[in-house]
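Working notes, beginning with the structure itself.
The values are calculated or read from the model by the stated rules, or taken from the named source; none is laboratory data. Not measured: the values here are computed from a predicted model. Neighbour counts run over all protein chains shown; Cβ positions are idealised from the backbone, glycine included.
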Amino acid sequence: MPVSSNNSPLLFVVSLFFSPGCAFLLDSDNSPVEAPLVPHFIDCVSREMTTFRCWWSPGSFQNLTSPEDLKIFYLKKTPSKSEWNECPQYDYLNRECFFDANHTSTWAAYCLQLHVHNVTYYNEEDCFTLPNIVRPDPPVALNWTLLNLSPSGLSYDVLVCWDPPPSADVRTGWMRLEYEVQYRELNSTNWKMLETQYDNQQTIYGLNNGREYEVHIRCKMKAFTKFGDFSKSIFIQV
């Protein structure tokens, strides 16, 4: 964890509170973890594996005269070039740095630093490749079709269909997505999860006649762990 400063007492304080593992504040299940006190990165996300955004927090740091006192630097490691450059596009209102397609390489490794005055905040876990931070937009156009009723009429099966996120280029194979369907009886807190799959449709078996069900879907990149947000729900009742 390199930390630089012209003031050794300040260096001691930064080293005391900033420890590896605190950088991106969402774990693999998108659950928040404890935030450090010093300036730190919250998360980096790409929706379409072409651009990405990173968000930061000043923590409890009180010596910022203006938001612009905090600067973001990134290192893009390529075989031909590796040097630190400043964030290409700031959004200080949302504490966000945006990397457009001209500043994004799919398989290059990126590392990030936060600079405040003469202090550099750096965490080795603030390094990643683009596929590792992809969390796709939700699937769209969810609908369902009744497949059959049981002979007793007490249960039924439905086929749920959807379209990929419009932002994800799945037709050319640039992104290959896995989908996770979850459903529950309306107002229940117990979601049931179906096995992830690549198809844009999945059957839900054995729903109880006369009861209403809620269904939503999310997706992730194949062979990676980070899911995007859930889609809007659809409701099923027979």
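In this structure, L147 qualifies as in a strand (DSSP E or B), free of Cβ contacts under 8 Å to residues at least 60 places away in the same chain and within 17 Å of Q201 (Cβ to Cβ).
Within the stretch 174-190, the set of residues being within 21 Å of the chain's Cα centre (by Cα), over 30 Å from W107 (Cβ atoms) and not polar (S, T, N, Q) comprises just one member, V181. Of the strands (runs of 3 or more DSSP E) lying entirely inside the stretch 1-94, not one contains at least 2 residues that are modelled with pLDDT under 85 and of a type in the set (K, R).
The set of residues in the stretch 192-228 being farther than 13 Å from Y179 by Cβ and under 21 Å from the mean Cα position of the chain (by Cα) consists of A223, F224, T225, K226. Just name the residue that is modelled with the lowest pLDDT out of those in the stretch 95-124 that are surrounded by 14 or more Cβ atoms within 10 Å (Cβ to Cβ) and among the charged types (D, E, K, R). Per the criteria, the residue is R95.
Conditions tested, residue by residue: (1) at pLDDT 95 or above; (2) of a type in the set (G, A, S).
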| site | (1), (2) |
| --- | --- |
| C127 | no, no |
| T145 | yes, no |
| S155 | yes, yes |
| V160 | yes, no |
| P164 | yes, no |
| V170 | no, no |
| Q182 | yes, no |
| N187 | no, no |
| Q201 | yes, no |
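In this structure, is Y92 closer than 28 Å to A223 by Cα and among the hydroxyl-bearing types (S, T, Y)? No: the conditions fail for Y92.
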